[in-house]
Amino acid sequence: MSKKRLWSDDHALVSVGLPPETDKWKRIKIENPSFSEGVDFLYQKVTSELQKTCHGKISRDIINVLSDISACARCTLRFLSIRDWNVYSAPEELLFETFRRICANFDVEPLSETRANVYTTEEIISPRESPTICPLCFDLLRFADKLDCVWPICEKYYAHDYKVTDFNLNIVLPSGVIVKNHSALIRIQRLAAFTGDYVVDLKAPYKSLLGSSIQEALGLQHSSGSKFLINVEYCHPETQENHRFLTRVSSANFQLKKIKVKGKDVWTGDSRQNIAKALAVTGDDDFIEYGEYPPTAVTERFQILTIRLEHSPIFVGGRYLKLSRDISQTPWVVSGSRLTEKSVSECIGEILREKYRCDDYNFVSAGREDANVRMLGNGRPFYLGLINPREPCLSQHELNDAEMEIAELSGKLIRAHKLKPIDECHLPTIKTGEESKYIFTSMLVWLSKMVSTEMVNKLNEIGTSGITIDQWTPIRVLQRRALMVRKKRIHNLLAEALGEHFLRIELRTEAGTYIKEFIHGDLGRTTPSLGNLVGCDADILELDVIDVELAWPPED
Amino acid sequence: MIEEDYETSRYTDLIENYNRDPLTYLKQYYTKYYHVSTDKIVNTTNKKRPLHKETVICVISVSKEFDSTAKRTEYKVRACLAGWIVEFNKRLLEDEGLLFRKPYTEGYIAIIKPKHENTQIALENCLTEDEYKASRGLD
């Protein structure tokens, strides 16, 4: 048995093809009654929004500047500072019609009718008439509700077969948009009296549109509190270096450093945050001289760099029993070879891993016992953190099945019971409360002296009131723990004669007490030892943990 | 609820050895190695504590065969293995006699963590118990 640490190979990925009836350019229909009304309604909405931010001729000027650089309709809305996301979902030709009307209000020449840039709703674009790509969003915003953006995400979701009801979105945009948009803003400001304080950043409308599309396509709720995260990172190779010029601008305070990562030289210092910061302090004249001004056309669309789906960890806890003296708690590997074939963490972890379909698991328990010590009674409290579960919610019935399978897998030597999902807030209980936890143990002890009734009585008398012992770090753990003395409390001791040289001892001790060392004395480093108490040598032959006193799993 | 039950009959052979020599129980934790110093007077033993071939730690003490009635009062004790000293036995400061009364238990001199994990390399300058007994003509 070994702990599998694989990623996508492990769970059978469902292979899904593109449904035959979809048309690549067909828009995903978003339920929005306002647009069944048409352009008049849209015009009303847009102009009422414009009242708040772009008065009078400014809106006309903005529309013209952006039209000159072939920006898409939605990017134009951004610079018009429109924050009603429903407006963004309107078809492009309606938006441009609205812009035409706005410009017409100012008695200026209307925008040219032969805009090569407009998509109609059902149009299938042939390569000859390929419209220009928006230089401000690289067509990301334009296709936010088209299959280009949505399908790769759906494909991955179906392939991993997640069983969730909601999602949250995390988007990383191509770095090139920062400089492009800054350039457009300066252009507008040079030609119109426009502060640009309320210009909408690309990310917010993009997330809103993409989120709605995914909601529609997968039937999941877009919610910021969701535990299921869809991470998408986009790139645009054509513009990904367009911030480099800033290193030549002294006022930008932008420097790149070369560092070694894993032996290779890597340039750092050009994070999106740093680029934005540098642009904020760069003077407009410097930008115009050294940077790209006005924003130039692009010849390629955006690319999807990575899509990563991840569900936050789920915790399952319970108590385990270990009935074998040949099983360690966690995998015991020395110099590449295993010392015990099985381990508790693997028996429980592998079963749960299959049921929850997760990438990996972490086993955490309240203390531990050696491989040759049995864990009996109510069992030891533990929990498992399951990483990126594809099925985060299992029923109690399925958890009961898991308990049976764990017993089967271990040949009835490991039992897990009281398995239930644990809320994150309860996890610290396992590790805290060390001082108040009691450990009950039972053991078979050999004495070099003959066992007598007086001896047993004396031990029981001491055992009623308990003793405090000093334990120096046991020799067997000295290589990994610091050398120090620990005062530990033996709360109760019970002794029973089992033969001429044998005793059965039961102890109730403070958590963290080294039981074996208390019996044999560890070359005099644990005092008083059991041997000291009866005045002879002693050794421990068998040890069992009877109970770990800790309320676990927590009640709901 | 699994009841713990101890079958003492399983251990009859074991405790026969234990009863003959009470320190036999140490054998399940430690293996003795010997080193004889060049002047052939001081003998030290290295007790190797292997935890199923896990990291080894050594306890240094004076062997029982050491003649404590000899005239000299000062001896240099060599550990004869490369490593780090983890602990000096401070009990010896209060009770020097421990060194000879209980050399294999409370009277140890020091604990050393060997530099080499491989026991054969770490203790290459030492003799096993059988080799030592043969060299001294003991049984």
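The values are calculated or read from the model by the stated rules, or taken from the named source; none is laboratory data. Every value quoted in this text rests on a predicted model; they were computed, and no experiment measured them. As a convention, Cβ positions derive from the backbone with ideal geometry for all residues, glycine included, and neighbour counts pool all protein chains shown. These accessible areas exclude ligands, DNA and RNA; they are computed on the full protein's heavy atoms, side chains included. Shrake-Rupley method; radii C 1.70, N 1.55, O 1.52, S 1.80 Å.
Miscellaneous remarks
- For the pair A:E289 and A:R301 in one chain, pulling the backbone fully straight at 0.36 nm per residue adds 1.6 nm over the alpha carbon distance.
- Between the range A:218-274 and the range B:80-135, the alpha-carbon center distance in angstrom: 59
- The range A:418-548 - percent of accessible surface contributed by carbon and sulfur, probe 1.4 Å: 53
- Of all segments of chain A bounded by GluC sites (Glu not before Pro) found in a DSSP loop with no more than 14 other C-beta atoms within 10 Å, the longest spans A:124-240.
- Chain A: relative contact order in percent, alpha carbon pairs under 8 Å with at least 6 residues between: 13
- Solvent-accessible area, 1.4 Å probe, carbon plus sulfur percent, for the range A:184-253: 42
- Inter-chain Cβ neighbour average for residues A:439-449, partner chain, 10 Å: 3
- Solvent-accessible area buried by pairing A with B, both sides, nearest 100 square angstrom, 1.4 angstrom probe: 3400
- Summed side-chain charge close to B:R91 - residues other than B:R91 whose Cβ falls under 15 Å, Lys, Arg +1, Asp, Glu -1: -3
- Stretched out straight at 0.36 nm per residue, the stretch from A:R325 to A:L498 would grow longer than its current Cα-Cα span by 60.1 nm.
- Subtracting the Cα-Cα distance of A:K57 and A:S223 from 0.36 nm times their residue separation leaves 55.9 nm of extension gain.
- On Cα atoms only, tilt of A:57-68 relative to the major axis of chain A in degrees: 80
- In the range A:330-349, comparing the full protein assembly with the chain on its own, the residues that lose 10 Å² or more of accessible surface at a 1.4 Å probe are A:W332, A:V334, A:S335, A:L339.
- Estimated FRET transfer efficiency when R0 is 45 angstrom, pair B:N118-A:D556 (beta carbons, to 0.05): 0.25
- For the range A:520-539, a decrease in accessible area of 30 Å² or greater in the assembled protein chains relative to the isolated chain, with a 1.4 Å probe, applies to A:H520, A:L523, A:G524, A:R525, A:D537, A:D539.
- Computed on the range A:283-412, with alpha-carbon pairs under 8 angstrom and 6+ residues apart, the relative contact order is 31 percent.
- Helix A:453-465 axis, angle to chain A major axis (alpha carbon atoms, nearest 10°): 40
- Solvent-accessible surface of chain A, taken per residue with a 1.4 Å probe and all protein chains present: 46 Å².
- Axis angle, to the nearest 10 degrees, between helix A:147-160 and the longest C-alpha principal axis of chain A: 20 degrees.
- Estimated FRET transfer efficiency when R0 is 25 angstrom, pair A:D370-B:D130 (beta carbons, to 0.05): 0.25
- The loop-placed trypsin sites (Lys or Arg not before Pro) in the range A:259-299, going by DSSP, that have at most 16 neighbouring Cβ atoms within 10 Å of their Cβ come out as A:K262.
- Note on A:471-479: average number of Cβ atoms from other chains within 10 Å of each residue's Cβ is 5.
- Measuring heavy-atom accessible area with a 1.4 angstrom probe and counting protein chains only, the residues of the range B:84-133 that give up at least 20 Å² relative to the chain alone are B:V86, B:E87, B:R91, B:T105, B:E106, B:Y108, B:I111, B:K113.
- Tail beyond 32 Å, pair distance distribution of chain A (Cα, percent): 62
- Chain A, helix-only ellipticity at 222 nm - DSSP H runs n ≥ 4, -39,500 (n - 2.57), divided by all residues, nearest 500: -9000 deg cm²/dmol
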